[in-house]
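Engineer: Please find one structure pasted underneath; my questions will follow.
The values are calculated or read from the model by the stated rules, or taken from the named source; none is laboratory data. These figures come from a predicted structure and were not determined experimentally. Quick reminder, even Gly has a Cβ in these numbers, built from the backbone with ideal geometry, and neighbours come from all protein chains shown.
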Amino acid sequence: MTPIEEVIINRKTNTKPIWVMRQAGRYLPEFREIRKNNTDFIKLCLNPSLSTEITIQPLKRFDLDAAIIFSDILMLPYGLNQKVEFKKGIGPILGTLDLNSISKLEEIDFVSKMKPVYDLINLVKNHDLTKDKSTIGFVGAPWTLLVYMINQKSPKDGLKNNFFKNDYLIKKTLSIIQIFLKVHIKNQIKSGAHIIQIFDSWAGLLDEKDYANYIYTPTADLVEYIKSFNIPVICFPKGIKKYKEYCDIVRPNTICIDYEVDPKKIIQDIKIPVQGGMDPKILLTDQENLKKQATKYLDIFKDHPYIFNLGHGILPETDPKMMDYLVKIVKDY
C-alpha cells in the first residue's frame, strides 16, 4: 500500500505524504521544452509516450508520493466529439454542443477515442519511478463539465446570461456526462489508476440552493460508482461554501480543500482524511515564508489523516527550487 493509500484507507496520521495538483507541467523547464514543439495541447494529451514522460518529470526531481497523470478534465467533451482547443492567453475554447450527436455516441467509440489516455495510465503505473507511489487518475465533476460544454469557454468572467435558460439541454447534457464519466473512470481504473480525484473547479459559481441538483446528487453517484471498484476517491469542490455538508452527502474517502478555507474550521468539522489547502502563491514568496505556511498546515493536521497539497494547481511562474524545498519541509516534518 502506498503512503497516500495508507492515509486514505487506514487513516494513518503519523505520515504526511505529498503531491501537488498540476505537478506535471507548466512550471518545469523540461515540460516547456516539450510543449514548445507540441503546440496542440489535446494532441499532446493523446501522445502516451510524451504524456508519460511529462507525468514522470516531477518524480525525477522531487520525492513526491504520487504521479498525477498528465491529461485534462476536458478530454471528456473531446471524447464526446465536442471540439476542444486551448488558446494561449485565453484558455479552453469549445465548439458548439451538438446534443443530437452526443446522444447517439456509443461507448465503444468513446473508449476508442480516449484509448491513448488509458495507455498513458498503464505506462505510468508500470514505470520504475512509480513502484511505491500512487498513480492518480482524474475526471471533472459533472457540474464543472456541464459549465464548459454549454458555456464553451472558461467561466472566469461568469456564465453566459442564458446559461440556465434551456432546462432540457442542461438535464440531457448532465445525464450524458454522467454516463460517460463512469465509462472514463472505469477505463482509468482498469488501466491501473490507484485513486481517482474528482475536480469540481467551478463549484463556487453556484448558489447554495442549487448544490443538491448540480453538485451533491451527481457527484455522490460517481463517488459510489468509484467505491464499487474498491478504489478510493478524492473530491475537490473548489469554492464550495459548505464542506461539511458536502462530505456528509457526497461521502468521498478524502476531501481536498481550497486555499480560501480556514483549515482550523475544517479540522473541527471534518472527520474523513483531508488533502490540500495551502495557497499556491506561497510558492512565489521566499523560503522562510514557505516553511512557515507549510508548517501551519502540518501542525493543524498533525493528528488527523492528511495529504499535503495545494489549495489549487501549482502556478506556472513557480521556481522548481521552491517546490523542492516544500517537499523537503513536508518529508522532514
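Engineer: Restricting attention to region 183-237, which residues are within 21 Å of residue 257 (Cβ to Cβ), in contact with a strand residue (DSSP E or B) (Cβ under 8 Å, 6 or more places away or on another chain) and hydrophobic (A, V, I, L, M, F, W, C)?
Structural biologist: Across region 183-237, the qualifying residues are 195, 196, 198, 199, 222, 223, 226, 233, 234, 235, 236.
Engineer: Can you spot a residue in region 158-166 that is exposed (fewer than 13 other Cβ atoms within 10 Å of the Cβ) and on the phi > 0 side of the Ramachandran plot?
Structural biologist: Yes, region 158-166 has at least one match.
Residues are listed down the side, and each one gets a yes or a no for (1) aromatic (Phe, Trp, Tyr); (2) outside any loop (DSSP other than H, G, I, E, B); (3) buried (at least 22 other Cβ atoms within 10 Å of the Cβ); (4) more than 17 Å from the chain's Cα centre (by Cα):
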residue	(1), (2), (3), (4)
186	no, yes, no, no
190	no, yes, no, yes
196	no, yes, yes, no
210	no, yes, no, yes
219	no, yes, yes, no
222	no, yes, yes, no
231	no, no, no, no
244	no, yes, no, yes
248	no, yes, no, yes
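Engineer: If a residue must be under 23 Å from residue 240 (Cβ atoms) and either not small (Gly, Ala, Ser) or not in a helix (DSSP H, G or I) (or both), how many such residues does region 166-183 contain?
Structural biologist: 8
Engineer: For residues in region 50-93 being in contact with a helix residue (DSSP H, G or I) (Cβ under 6 Å, 6 or more places away or on another chain) and part of a strand (DSSP E or B), which is nearest to residue 3 (Cα to Cα)?
Structural biologist: Out of the qualifying residues, it is 66.
Engineer: So, one more: Restricting attention to region 1-42, report how many residues are acidic (Asp, Glu) and within 17 Å of the chain's Cα centre (by Cα).
Structural biologist: The number of residues fulfilling the criteria is 1.
Engineer: Would you check which residues across region 1-18 are surrounded by fewer than 24 Cβ atoms within 10 Å (Cβ to Cβ) and part of a loop (DSSP other than H, G, I, E, B) and list them?
Structural biologist: 1, 2, 11, 12, 13, 14, 15, 16 - these are the residues of region 1-18 that are surrounded by fewer than 24 Cβ atoms within 10 Å (Cβ to Cβ) and part of a loop (DSSP other than H, G, I, E, B).
Engineer: Limited to region 86-104, what total is found for residues that are surrounded by 15 or more Cβ atoms within 10 Å (Cβ to Cβ) and without any contact (Cβ under 8 Å) to a residue 60 or more places away in the chain?
Structural biologist: 2
Engineer: Report the residue count in region 243-271 for those that are hydroxyl-bearing (Ser, Thr, Tyr) and farther than 13 Å from residue 223 by Cβ.
Structural biologist: 2
Engineer: Another question, if that's okay. Would you check which residues across region 145-158 are more than 13 Å from residue 92 (Cα to Cα) and modelled with pLDDT of 95 or more and list them?
Structural biologist: Answer for region 145-158, where residues must be more than 13 Å from residue 92 (Cα to Cα) and modelled with pLDDT of 95 or more: just 146.
Engineer: May I pose another question? Take the residues in region 275-333 that are assigned to a helix (DSSP H, G or I) and of a type in the set (Asp, Glu); name whichever of them is surrounded by the most Cβ atoms within 10 Å (Cβ to Cβ).
Structural biologist: 324
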